[in-house]
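Following: one structure in C-alpha cells, then a few remarks.
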C-alpha cells in the first residue's frame, strides 16, 4: 500500500516487518498479562520502583555538579524523594500498586485521547485506522474506570488493563500496515 506523492514532499518508507514483529510481541505480552494479572501488576509496580530508584541516584549524582547552596539543596531533596519513593515501592509493591493505579489510569486515559486524535489523522493513510480509534476509545474508558475503581482492585486491575491495552495496541499496529511497505508524505 502506498500514498501518492507530489514532487515537493519528502518520502519516508516504513517497513512493516518490524511493525509486525513488535505488534506480535505486544499481543503476546498482552495475553500473558491478562492471563496472570496479579504478576503483571507486581512486575509493573517493581519496574516503576526501579525507575524511581535510578532517577533518584541520577539526581543525587547531578546535585554534586551544581553551583550554589540553594540549587544543591533542592536538587538533593528531589533526588532523595525519588530514591525514597522507589525504595518504598520496592519494599511494599502492593501499596505501591495502589498509587501506581492512579498514575496508570491517567496515562492510559491520555494515551487513549492521543490515539483517537491520531486515528482521525490516519484515516487518509490506512484503511485499518479504525483499530487505532477503537484502541483509543478503550484507553479512555479504562482510564475513567481506573479512577472510579476501589483501591482494593489494584492487585488485579493494573495487570488486566496493561494486558488489554498491550493487546489492542498490538492489534492496531498489526492491522494498520497490512502491506509490505507504506509510504508516508510529510
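The values are calculated or read from the model by the stated rules, or taken from the named source; none is laboratory data. From a predicted model like this one, the values you see are computed outputs, not experimental measurements. Reconstructed Cβ throughout: ideal geometry from the backbone, glycine too, with neighbour counts over all protein chains shown.
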- Item | Members of the range 162-181 that are part of a helix (DSSP H, G or I) and modelled with pLDDT under 80 | 176
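Residue-wise test of (1) closer than 19 Å to residue 37 by Cβ; (2) modelled with pLDDT of 80 or more; (3) assigned to a helix (DSSP H, G or I).
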| position | (1), (2), (3) |
| --- | --- |
| 110 | no, yes, yes |
| 124 | no, yes, no |
| 131 | no, yes, yes |
| 142 | yes, yes, yes |
| 146 | yes, no, yes |
| 156 | yes, yes, yes |
| 183 | no, no, no |
- Between residues in the range 152-172 that are free of Cβ contacts under 8 Å to residues at least 40 places away in the same chain and residues that are surrounded by fewer than 19 Cβ atoms within 10 Å (Cβ to Cβ) and in a helix (DSSP H, G or I), which pairs lie under 9 Å by C-beta distance while being six or more apart or on different chains? 152/98
- Just a yes or no: is a residue in the range 73-87 closer than 30 Å to residue 143 by Cα, assigned to a helix (DSSP H, G or I), touching a residue at least 40 places away in the same chain (Cβ under 8 Å) and within 22 Å of the chain's Cα centre (by Cα)? no
- Query: If we scan the range 92-104, do we find a residue that is modelled with pLDDT of 85 or more, out of contact with any strand residue (DSSP E or B) (no Cβ under 8 Å at 6 or more places or on another chain) and surrounded by fewer than 17 Cβ atoms within 10 Å (Cβ to Cβ)?
  - Reply: yes
